[in-house]
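The structure appears below as structure tokens.
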Protein chains: 2
Amino acid sequence: MIEAIGIDADDTLWHNEVIFEETHARYCELLSRYHDARTVERTLYATEMRNLELFGYGIKGYALSSIETAIALTNGEISAEEIRAILESAKGMMRHPVELLKGVTETLAALADSHDLILITKGDLRDQHRKIAKSGLAAYFAHTEVVAEKDRKTYARILDRCRVRPAGFVMVGNSLKSDILPVLDLGGTGIHIPYLTTWEHEKATRPEQTERFYQIDSIGELPDLLARLEGRS
Amino acid sequence: MIEAIGIDADDTLWHNEVIFEETHARYCELLSRYHDARTVERTLYATEMRNLELFGYGIKGYALSSIETAIALTNGEISAEEIRAILESAKGMMRHPVELLKGVTETLAALADSHDLILITKGDLRDQHRKIAKSGLAAYFAHTEVVAEKDRKTYARILDRCRVRPAGFVMVGNSLKSDILPVLDLGGTGIHIPYLTTWEHEKATRPEQTERFYQIDSIGELPDLLARLEGRS
């Protein structure tokens, strides 16, 4: 018996990583006078990981790490104008329209009729609330949870608050690390929908267990899979 | 009958605004070759307000607005090294120890025995969770809510989720604008504890109503006031 369905947002409901990648390409271009793209990429990622504990996820932390990396990689030769370009680029990401993945609206509309849907997304409060508002999807969700980290403890807290037993919880998302593994660990069901591309930090190996773990190609396949899990077809 | 007590965090449980003011003084010093402190202050505040919708509250947004303002106020003459100093200053704020206000621990320990306490704080998820963890106060709270904005709608959502009626809700905090006015508006009780200093953006005039609105000088006076409200003394 499914009591609630948790659904991830970035790269599950709408495109996100590709927007970071576009911005990142412009950033590499900006620094191309100093270093090749691979060095820039490697150094920025190392800075982001070093700052993760302090900054958390989201565009603001990405922007601060980008500025820090640009200063370091140019030995302070980067101009104020170029730093301003990095700032503007971050604002551009925030203002970016929300582009839904194919089939999202129809699928949520169908599922919300018969199930409690919980939007569970990691990142910056302001970024995420803005995207939820822009997406036009808010009304399909019984609850919305923007969390600092998607680990077992976070899921346990959400389920406790929503009075859902782990065995009755299904989580759907594109990240094995954040959406699937902690939920399987808790005793819930994980449905993985891989996205086009995965941020280095979110990469994880597939779980060894096959019980309660499913993978589909697109969100449009979700209603049929859930019906099968509920023994309705 | 009090069903739950909401408690604000920054400048109600621990010092916050003074840390911003220390950082701000260093920032004005950094730019003193170019402009007097008043111009710097006015321009930074205008930048913060312009960016508020995109950045929200918290140290990361403050840091990005500080960098943007420094570039603008120096016509791009600020050096990368000086921008690095602004970044380091922001990290220093994040790493700053949490300094509790006087009487906080004893008061929460006493209240948590008899009441459901809800920590309700506005700002950046990562900043706030870090401070809650460092404060050693987490165990006193039945729920913790980090929200993007403290308005009537947010309080209504929290009360709904915690199954608390507005008439049974008491909110305690230092900001009339964020902690008191929206809760009075909803039909709850507001207890204002002014802090040493108030950020420009949080300034508000005292509510006209006297019903369900109280003011005390320090959190240590809270148990007595609550006992009076509950007719226990």
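The value of relative contact order for chain B, using C-alpha pairs under 8 Å at least six residues apart, is 25 percent. Where only DSSP H runs of four or more residues are counted, the protein assembly as shown gives -14500 deg cm²/dmol as its mean residue ellipticity at 222 nm, each run worth -39500 (n - 2.57).
Here is the list for region A:165-233: trypsin sites (Lys or Arg not before Pro) lying in DSSP coil, each with at most 13 other C-beta atoms within 10 angstrom of its C-beta, are A:Lys203, A:Arg232.
With label points defined 7 Å past Cα in the direction of Cβ, position B:Ala156 shows copy-to-copy spacings of 3.5 nm, given to one decimal and shortest first.
Around the Cα centre of the protein assembly as shown, unit charges on the Cβ atoms of Lys, Arg, Asp and Glu (plus for the first two, minus for the last two) sum to a dipole of about 520 debye. Distances between copies at B:Pro97, taken between label points 7 Å from Cα along the C-beta direction, are 5.3 nm in increasing order. Near A:Trp14, the amide H atoms lying under 5 Å from its own belong to A:Leu101; only residues 5 or more places off or on other chains count, and H is placed 1.01 Å from N.
Once a ≥ b ≥ c are taken as the square roots of the eigenvalues of the Cα gyration tensor of chain A, is the result rounded (a/c under 1.5), prolate (a/b larger than b/c) or oblate (a/b not larger than b/c)? Since a/c reaches 1.5 and a/b is larger than b/c, the shape of chain A is classed as prolate.
Using a 7 Å projection from Cα along Cα-to-Cβ, the label point at A:Asp185 is separated from the same position in the remaining copies by 4.1 nm, smallest value first. Full extension of the chain between B:Glu3 and B:Ala25 yields a length gain of 3.7 nm, computed as 0.36 nm times the residue separation minus the alpha carbon distance. Counting only Cα atoms, region A:53-118 measures 58, 26, 14 Å along its principal axes, largest extent leading. Which translational diffusion coefficient, to the nearest whole µm²/s, is obtained for the protein assembly as shown from the Stokes-Einstein equation, given a Kirkwood hydrodynamic radius over C-alpha pairs, 25 °C and 0.890 mPa s? Stokes-Einstein gives a translational diffusion coefficient of 102 µm²/s.
When the listed pairs A:Lys60/B:Lys91; A:Lys177/B:Lys122; B:Lys150/B:Lys203; A:Lys134/B:Lys60; A:Lys60/A:Lys131 are checked against a 19 Å cut-off, the alpha-carbon distance exceeds it for A:Lys177/B:Lys122; A:Lys134/B:Lys60. Look at the stretch B:121-127: the mean tally of other chain Cβ atoms within 10 Å of its residues' Cβ atoms is 6.
Over all other residues within a Cβ to Cβ distance under 13 Å of A:Gly76, the charged ones net out to -4, with Lys and Arg as +1 and Asp and Glu as -1. Note on region B:17-95: dipole from Cβ charges, positive end direction compared against B:Ala37, B:Tyr57, B:Ala25; the farthest Cα belongs to B:Tyr57.
Maximal additional length on extending the B:Asp116-B:Ala156 stretch stands at 12.7 nm, based on 0.36 nm per residue less the C-alpha distance. Remark: chain B carries a charge dipole of roughly 480 debye about the Cα centre, counting +1 on each Lys and Arg Cβ and -1 on each Asp and Glu Cβ. Axis-proximal residue of chain A for the rotation onto chain B, reported as residue and distance in whole Å: A:Lys60, 2, based on Cβ position.
The coefficient of translational diffusion for region A:17-95, derived via Stokes-Einstein from the alpha carbon Kirkwood radius under 37 °C and 0.692 mPa s, stands at 263 µm²/s.
Only one residue of A:Leu184, A:Met1, A:Pro194 has its Cα farthest out toward the positive end of the dipole of chain A, where Lys and Arg carry +1 and Asp and Glu -1 on Cβ, and that residue is A:Met1.
Once you have all Cα-Cα distances for region A:84-154, histogram them in 10 Å bins from zero and send the whole-percent values. Going from the shortest bin to the longest, the percentages are 17, 42, 32, 8, 1.
In this rough spin-label picture, where each label sits 7 Å from Cα along the Cβ direction, the B:Thr197-A:Leu229 distance is 5.2 nm. Placing +1 on the Cβ of every Lys and Arg and -1 on the Cβ of every Asp and Glu, with nothing else charged, gives region A:17-95 a dipole about its Cα centre of roughly 120 debye. Annotation: the antiparallel percentage among DSSP beta bridges lying fully within chain A is about 5. The Rg/Rh ratio for region B:115-189, using Cα coordinates for both the radius of gyration and the Kirkwood hydrodynamic radius, is 0.95. Rounded to the nearest 10 degrees, what's the angle between the helix B:152-161 long axis and the longest principal axis of chain B, both from Cα atoms, 0 to 90? Long axis of B:152-161 versus the principal axis of chain B: about 50 degrees.
Positive end of the dipole of the protein assembly as shown (Cβ unit charges, origin at the Cα centre): among B:Ile83, B:Gly220, A:His15, the Cα lying farthest that way belongs to B:Gly220.
Bear in mind these aren't lab numbers, they're just calculated from the coordinates by the rules spelled out. Given the structure is predicted, the values throughout are model-derived calculations rather than measurements. Because the Cβ atoms are built from the backbone with ideal geometry, glycine has one as well, and the counts that use them run over all protein chains shown.
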